[in-house]
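Asker: This structure is in C-alpha cells; I'll ask about it shortly.
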Amino acid sequence: MRQRWPRTLLSIGAGIVLILSLTGVAIDIATSRLEGNITAVDISATTGRDHVPVQLVDEAGNYQATNVLLMGSDSREGQTSKKYGDPDVYTGQRSDTTILLHLSADRSFATAVSIPRDTWVMLPECQADGQTVGAFEAKFNTAFEIGGPGCTVKLVEQMTGITVNNFAVVDFEGFKNVVNALGGVEVCLTEPASDPASKLELPAGTSVIDGEQALSFVRARKTLSDGSDLSRIKRQQAFLSSMIREASSTGLLLNPVKLYSTLDAATSGLTTDPGLANIDVLRDLALSVRGMAPGDIAFLTMPWVERGDGENVLIDEAAAAPVWQSIANDVPWIKPKKASPGTGQSESKVTVQPGEVTVQILNGSGVSGRAAEVAAALEAQGFIIAGVGDADRADYTVTEIRHDAASAEAARTVLAALPGASTVADINASTITIVIGTSYAGVESVVADPDAGTPDSSTAREEDEITAATTADKVRCA
C-alpha cells in the first residue's frame, strides 16, 4: 500500500517559521517531546542516492549553505469536513505548494522560490513501494502523488541543478495550530473577500485571522484575485511574510510559554528527512540564522511561460537560469537591506529626495495627536504633507506605508524616515499614505542619493518584476 503523506496545503508556513524565525533563543525545553512530534522518512531509495544532509558547520567552524525543500500536500484523507474538498472525490495527494529555501553560508540572507504546481514537466524515474514510477510528462505536483517527497526532491534537483540537502512536509492541522499559537496573523486585502466553500468572510483592509481562517485564506483560489494558482502563490507568500514578521517579534521570543506552544505546533505536523528529525539539528539551524531579519528573506516565484493549453505553464528556462545560479553561487536574489551600525538606517540608498514626496498621515496607533506629531517631524525633513486624520481603526501594530506601483521608489524614502515601518503595495493609493501603528518610534533623517543605482544583475537586485520578488518585511495586500 502506498504510504499517505501529511495532508495540507500551506503548512509550509510552520516550517519556514520554525527554521527562520525562532532565532537567538535557547530552545532546550522539552526537547524529547518536540522531537517525538517529528516523523522521519528516508527518501534515498526513491532518489536513488544516499540523502546525506550538508553539515551545518565545517571543520573550521563556518556555516555551510543549505537548501531545504518545503512541501505541502492537498490530501483530504481523514478529513470529515468537505469545505476542504470531498475526500471521496479528491483522492490521493499532490504537492500543491512547494518552496525551495536557500540559507546562505554566512546566514546573512535567505531565498525562498515558489514552484507553481501547474508547471508541465518530464517526471523523473522514482522508486515507490518497490516499483519504478514516473518518466512521463505531467504537472509538477504529480511527482508527490506517485512517489511522495522523495520524487519531488528528485524532480526539483532535475529542474534546477541544485542539490536539496533537506526536506520538510507539514500537515494543515500543524499550520492552523502555529497560526493560533502566534495569536493570529495579520493579512491585508484591497477588497472584501467572500469564499462560500470555506466560509471565509473578510473585509477590505487589514484583519488579524486565526488558524482556520488562515487555511481558507491561503487555499482559496477561484473566489480571490483572478482565480489562478499563480495569484494564489503571491497571496501565500504575502501571508508567510506576515507570519515571519509575527514570529520574529520580541513578544514571542521573550515569552517561554508562547514560544514552546509555537514550537510544539510547528513540529507536531512535521515530516522530514532523518537529518532534520533531530530537534538539536533544528535548534542549531534556527540559531544559525539568529541575525537574519525579515528584510533579508526574499520570496519569489520560479519564472514561467504559458504552455498554450489555458491551464498549465512551462519553466522559462532562460529567465530561471539566473535564479538557480544565484542559489548555486550563494548570492542573494534581492540585495539584503542591512542596517548601518548605530543608525538604524538601511545601507540600500534611497534615490528620491524628501522634498519630492507627498504623503498623507493617518493615526492608527490609538495615541491622541500622533498623526500631527509625525506630520510635523516629516515636514521638518522636507516631506510635503497632504493632510492628517484618523485611520479606520486604532490598533495597528506596524506602521504601514501604502503606495501604488509608480510611487514605489518614493515610498522607500518614506520607509527610510520611519524605522520599523513596512511598505504596502496598494493600487488604490493615489497618494502615499502613512498609517501610524503602535510600534512608531520616531522619525530619522534621510539623505537621498539620486545617482544610486540598483545592484549589478549578475549579483543581486532590489526588486524583480519577472519573479514578483519581494522581501518578508514588506506588507502586500491581496
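A short reminder: the numbers here are calculations on the coordinates, not readings from a lab. Please read all numbers here as calculations on a predicted model, not as lab measurements. Heads up, the Cβs are rebuilt from the backbone with ideal geometry, glycines too, and the neighbour counts pull from every protein chain shown.
Asker: Which of rounded, prolate or oblate describes the stretch 354-453 when judged by the alpha-carbon gyration tensor and an a/c cut-off of 1.5?
Answerer: Here the stretch 354-453 falls in the prolate category.
Asker: Roughly what % antiparallel, to the nearest 5, for the DSSP beta bridges in the stretch 354-453?
Answerer: 15
Asker: Asn278: net charge of surrounding residues, Cβ under 11 Å, Lys/Arg +1, Asp/Glu -1, itself excluded?
Answerer: -3
Asker: Follow-up question, since we're still on this one. I want the local charge near Leu418. Using Cβ-Cβ distances under 13 Å, sum +1 for each Lys or Arg and -1 for each Asp or Glu among the other residues.
Answerer: Net local charge, Leu418 excluded: -1.
Asker: Which entries in Lys176/Lys258; Lys154/Lys176; Lys176/Lys199; Lys154/Lys234; Lys154/Lys335 show an alpha-carbon gap greater than 27 Å?
Answerer: Lys154/Lys176; Lys154/Lys335
Asker: Please say if the stretch 172-227 is rounded, prolate or oblate, where rounded means a/c under 1.5 for a ≥ b ≥ c the square roots of the C-alpha gyration tensor eigenvalues, and otherwise the choice is prolate for a/b larger than b/c and oblate otherwise?
Answerer: Since a/c reaches 1.5 but b/c is at least a/b, the shape of the stretch 172-227 is classed as oblate.
Asker: Can I ask one more? Compute the Cα gyration tensor for the stretch 94-216, then decide on rounded, prolate or oblate, letting a ≥ b ≥ c be the square roots of its eigenvalues: rounded whenever a/c is under 1.5, prolate when a/b is larger than b/c in the other cases, and oblate in all that remain.
Answerer: Prolate, because a/c is 1.5 or more and a/b exceeds b/c.
Asker: Sorted by packing (mean other beta-carbon atoms within 10 Å per residue), highest first, where do 211-220, 154-163, 179-188 land?
Answerer: 211-220, 179-188, 154-163
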